[in-house]
Amino acid sequence: MNVWLLFLLLHLSGASAVPAPITQQESPPFQKTVRFNVYTFVVKAIDTDSIQTVTVAAYRGSLLLTRFSQPVSGRLTGAEVGDLDGNRLPELYLYSTDTNAGLAGRVRGWQFLPERLATITTVQWAAPGAGYMGLDTLWTTRQSLCRQFPVYTINNSDARPTGTNRRICYRLRPSGLNYQLQAE
């Protein structure tokens, strides 16, 4: 095929022969839909520099229960729904990576009670022990939220991975009108 014809076809179609470079500031927005029985949660994040604005829409069937937005420091990396306390009501967990704190994992959560939205906070989260340098992996099991990270040997000049990982699991406990994730 003639090169000029190919160029003309690409130009008329709006396609670019050379893809635009992706800068570090550009990233696709986070969007995920998760379900728990008759509940559906739509989670969307929009980038604005180092802060993301997360919007959550919660539905019971087709009925919108609530919609709220919240700033999240770092980058949203996941969304899961669970029932860690076994009350048959959903909890929504959002995972983010704090780029300013050595890629430390963060969790935000809410329990969707029949009459209100309860906030879930973390306890004993910031300092999980010696050798911690971030790179958390987060997930829920049937009864707990788990956090795993590589352990490093820290010398005066550098830090080196030991080849082992540490896992800490957290249980959901009532705390006044809200809830806390407490280390087991």
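So for the stretch 25-183, averaging the separation of alpha carbon pairs under 8 Å that are six or more residues apart and normalising by length, what relative contact order in percent results?
Relative contact order, the stretch 25-183: 14 percent.
What is the gain in length, in nm to one decimal, between Leu117 and Leu64 on full extension, counting 0.36 nm per residue of separation less the C-alpha to C-alpha distance?
Gain in length upon complete extension: 17.7 nm.
Around Val81, with a cut-off of 11 angstrom between Cβ atoms, what is the net charge of the other residues, counting Lys and Arg +1 and Asp and Glu -1? If you can, show how the numbers build up before the last one.
Working: positive: Lys32, Arg35; negative: Glu80, Asp83, Glu91.
Taking every Cβ under 11 Å from that of Val81, the sum is -1.
Every number in this text was worked out from the coordinates using simple rules, so none of it is lab data. Because the structure is predicted, anything quoted here is derived from the model rather than measured. Methodologically, a virtual Cβ is constructed for each residue, glycine included, from the backbone with ideal geometry; neighbour enumeration extends over all protein chains shown.
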